[in-house]
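Report on the following structure.
Derivation of every value follows stated rules applied to the coordinates shown; laboratory data play no part. Only a predicted model underlies this, so the values are computations on that prediction, with no experimental measurement involved. Here the Cβ positions follow ideal geometry from the backbone for every residue, glycine too, while neighbour counts run over all protein chains shown.
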Amino acid sequence: MDFERPDYQIIDHTADLGIIVKGADLKDLFIRAAYAMMDLMVEGDIGEKGVRRELAIQGDDLPDLMVRWLGEVLYLFEAENLLVAKIEITSLSERRLESALTLVHFRRGHHQITREIKAVTYHQISVERKDGGWEARVIFDI
Amino acid sequence: MDVKVKKIDEWRYLIPQTGAMKVPGLIFSSPDLMPNIKSDQSLVQVANVATLPGIVRHSLAMPDIHWGYGFPIGGVAAFSMEHGIVSPGGVGYDINCGVRLVTTALVAREIRPRIKELVSALFNNIPTGVGSRGRIRLSVKEEKKVALEGSSWAVRKGMGTEEDLERTEDRGVIRGADPGAVSERAYKRGHDELGTLGSGNHFLEIQMVEEIYDQEVARVFNLFEGQLTVLIHTGSRGFGHQVCDDFLKEMGAHVRESGFDLPDRQLACAYITSEIGKRYLSAMACAANYAWANRQIIMHWTRETFEKVLEMSPKELKMELLYDVCHNIAKVEDHVVDEKKVTLCVHRKGATRSLPPGHPSLPEIYTKVGQPVLIPGDMGTHSYVLAGTHKALEETFGSTCHGAGRTLSRKQAIKVARGRAINRELEDKGIYVQSRGKTTLKEEIPEAYKDISLVVEAVHMAGLAKKVARMRPLGVIKG
């Protein structure tokens, strides 16, 4: 992965697992949230060389957009065995996100999966301005 | 939000109806378990569920209740078919996550030296862990048949018997499944996951019956002390997760449009009579049926593995299904409320059905003693078999607990497990574990769960099911 261990906090949820992520701006926040989720799923280096794919997501508001965005990244792994190695967000508004992803094929033996994330939940979801930047809170179903 | 709780008696606690709550909350617990329950947000969740339209009598919680997302885990809520809602979050992502128990003619003591060999063979024959793809690849057309037929699909393909179906809740199929209500994405995720165990708290366990509490019922359940049993705990895999995910998103939008005021977005729901409510129930039935086929297939491979490793015939092994129960589901059932017969949609999220003797939904062999209720422990702790009761039918819409329930978060569990060789510790206790995931064992350490004996004691004393037998794990495969 082309970033240092992503900066996020784990929420102490009894049954599942949540994260609090901070970003300098909204794009930064969405990118960091996706990297944080990948970090919970895969340990170590994902690799860099992969296929590029454009991905656009629509949502009703920022929290909905966040759940759908992370859900989409999770789906790529679940349905297509693809891990997200690199993210570029090309455009972002309250209801739409456009991105260009670099995707690497999951290989058993090479990639070390740490845990299964079943889904990205709406439980206590929040995306809000905080301390001059942005903060998101997301709980996953494990 | 601060939730007030009033003790009714040793085993029952009431959350009085306040604010937007439409009914009171009723928690089945014990003085030993209550402090732990109060320490997380699960009681707020019980109160939140009580605000949903059409809820009948109580928002209920079983003694294994813990903080879930939306609904608490260990929560039960019944809704009126005319004025009530159905909520995908009240079922959960793992639709029809459940348990089946297989009895054998084997004496555990005699098989003990072969446990490692059996566990390794099971680990090789049953795809386990994250991203595990199955031995079966399905076309969408065939997947739709699985979604319609449930367990009987597997039996039709030679993976089980008619008797297995009889001993499965609802014969392993929920009627009213409509494969057209399921998204392309769900089919895509489900096409190679049938016959896989998955990850997280799912497992397959070889056990020994350690103690019998009720000889008469145990005889009917074909359980004896020292007997070797096999327990399978898994659900509908990515197929079910996707169904839940799709409908949560769609219902989220529906809720905003129809102006429901929900305390948590994960409680997104729709009236049962609405088009989307009906469509969800049809899609949920498909996922439930997929899960039953999944457990049926895994049981079939377990039987094959035992035959091969132990070089014994099916007749000698007598690997019979005791029962299969689901513990994440919404079901349309007949109940009696205020002395009137009504049809309700009962959500059980982390709760098991518990039907009394004589109930028409029971297979004939169990009509005299009640439904077998299967309560899995987690790796390293005991599991229990109980029997359904009249009291459960009267007080909890025929529901009881489903497991131990977590007490440590995953973060805390990893901290507690740091530097420890969990495999080794378990082996010292006589439990041989083979697992795929790197952190699974640490997150699922025995200390992460409540003491299951306290949970079982609480439901037994409250009369929501009665104790029949306790099993001890000997070998486990985990994701």
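Observations on the structure shown:
- Taking label points 7 Å from Cα along the Cα-to-Cβ direction, B:Q412 and B:R133 give a separation of 4.0 nm.
- Free of any trypsin sites (Lys or Arg not before Pro) that DSSP assigns to a loop and that have at most 16 other C-beta atoms within 10 Å, the longest stretch within chain A is A:1-48.
- Translational diffusion coefficient (Stokes-Einstein; Kirkwood radius from C-alpha pairs) of the protein assembly as shown at 10 °C, 1.306 mPa s, in µm²/s: 65
- The range B:386-447 - Rg and Dmax from Cα coordinates, angstrom: 16.8, 48
- For chain B, the fraction of alpha-carbon pairs lying more than 29 Å apart is 45 percent, rounded to a whole number.
- A:D28-B:H83 FRET efficiency (beta carbon distance; Förster radius 45 Å; 0.05 resolution): 0.45
- Rounded to the nearest 20, the size of the Cβ-charge dipole of chain B about its Cα centre is 1040 debye, with Lys and Arg at +1 and Asp and Glu at -1.
- A simple rule links phi to the HN-Hα coupling: the Karplus curve 6.51 cos²θ - 1.76 cosθ + 1.60 with θ = phi - 60°, which for the range A:24-40 gives 5, 9, 4, 4, 4, 4, 5, 5, 5, 4, 5, 5, 4, 5, 4, 5, 6 Hz, with x for Gly and Pro.
- When the helices of chain B are scored as -39500 (n - 2.57) per DSSP H run of n ≥ 4 and the total is divided over every residue, the value at 222 nm lands at -9500 deg cm²/dmol.
- Amide H contacts under 5 Å for B:V337: B:V342, restricted to partners 5 or more places along the chain or on a different chain, H placed in the peptide plane at 1.01 Å from N.
- Average beta carbon contacts from partner chains per residue of A:108-116, 10 Å cutoff: 6
- Calculated FRET efficiency for the pair A:E88/B:E304, C-beta based, R₀ 41 Å, to 0.05: 0.25
- Looking at the range B:240-344, none of the chymotrypsin sites (Phe, Trp or Tyr not before Pro) sits in a DSSP loop with at most 15 other Cβ atoms within 10 Å of its own Cβ.
- Pairs from the table (A:K22/B:K278; B:K308/B:K331; B:K144/B:K331; B:K6/B:K340) lying more than 31 angstrom apart at Cα are A:K22/B:K278; B:K308/B:K331.
- Peptide B:404-415 has a mean of 3 when you count, residue by residue, the C-beta atoms of other protein chains within 10 Å of its C-beta.
- Unit charges on C-beta of K, R, D, E only; dipole of the protein assembly as shown, Debye: 640
- Computed about its Cα centre, the charge dipole of the range B:57-169 is approximately 520 debye, with only Lys, Arg, Asp and Glu carrying charge at their Cβ.
- Remark on A:K86: its backbone amide H falls under 5 Å from those of A:T102, a criterion applied only to residues 5 or more positions apart or on other chains, H modelled at 1.01 Å from N.
- If R0 equals 56 Å, the separation of the Cβ atoms of B:E394 and A:V51 corresponds to a calculated FRET efficiency of about 0.40.
- Each pair of Cα atoms in the range B:298-436 enters the Kirkwood radius, and Stokes-Einstein at 25 °C and 0.890 mPa s then converts it into a translational diffusion coefficient of 134 µm²/s.
- Chain B: angle of helix B:452-462 to the longest principal axis, Cα-based, in degrees nearest 10: 50
- Of every Cα-Cα pair in the range B:133-203, the percent that sits beyond 15 Å: 59
- Projecting the Cα atoms of B:T161, B:L204, B:G129 onto the charge dipole of the range B:110-208, computed from C-beta unit charges around the Cα centre, puts B:G129 farthest toward the positive end.
- Alpha carbon convex hull of chain A, volume per residue in cubic angstrom: 102
- Amide H partners (placed H, <5 Å) of B:I174, local residues excluded: B:N289
- Estimated vicinal HN-Hα couplings, Hz - the range B:175-186 in sequence order (Karplus 6.51, -1.76, 1.60; Gly, Pro = x): 6, x, 5, 10, x, x, 8, 9, 6, 4, 4, 4
- Calculated on the Cα set of the range B:1-159, radius of gyration then Dmax: 21.7, 60 Å.
- Across peptide A:9-20, the mean count of Cβ atoms from other chains lying within 10 Å of each residue's own Cβ comes to 6.
- Per-residue ellipticity at 222 nm computed for chain A from its helices equals -8500 deg cm²/dmol, with DSSP H segments shorter than 4 residues left out and the rest contributing -39,500 (n - 2.57).
- Sparsely packed trypsin sites (Lys or Arg not before Pro) within the range B:1-97, loop by DSSP, other Cβ within 10 Å at most 12: B:K4
- Nearest 10 degrees, 0 to 90: helix B:237-258 Cα axis against chain B principal axis: 0
- C-alpha center-to-center spacing [the range A:4-70, the range B:181-233] in angstrom: 34
- Where GluC sites (Glu not before Pro) fall in DSSP loop in the range B:31-119, at most 15 other Cβ within 10 Å: B:E82
- In order along the range B:392-404, the phi-based Karplus estimate (6.51 cos²θ - 1.76 cosθ + 1.60, θ = phi - 60°) of 3J(HN,Hα) comes to 4, 4, 6, 9, 10, 6, x, 9, 8, 5, 10, x, 7 Hz; Gly and Pro are listed as x.
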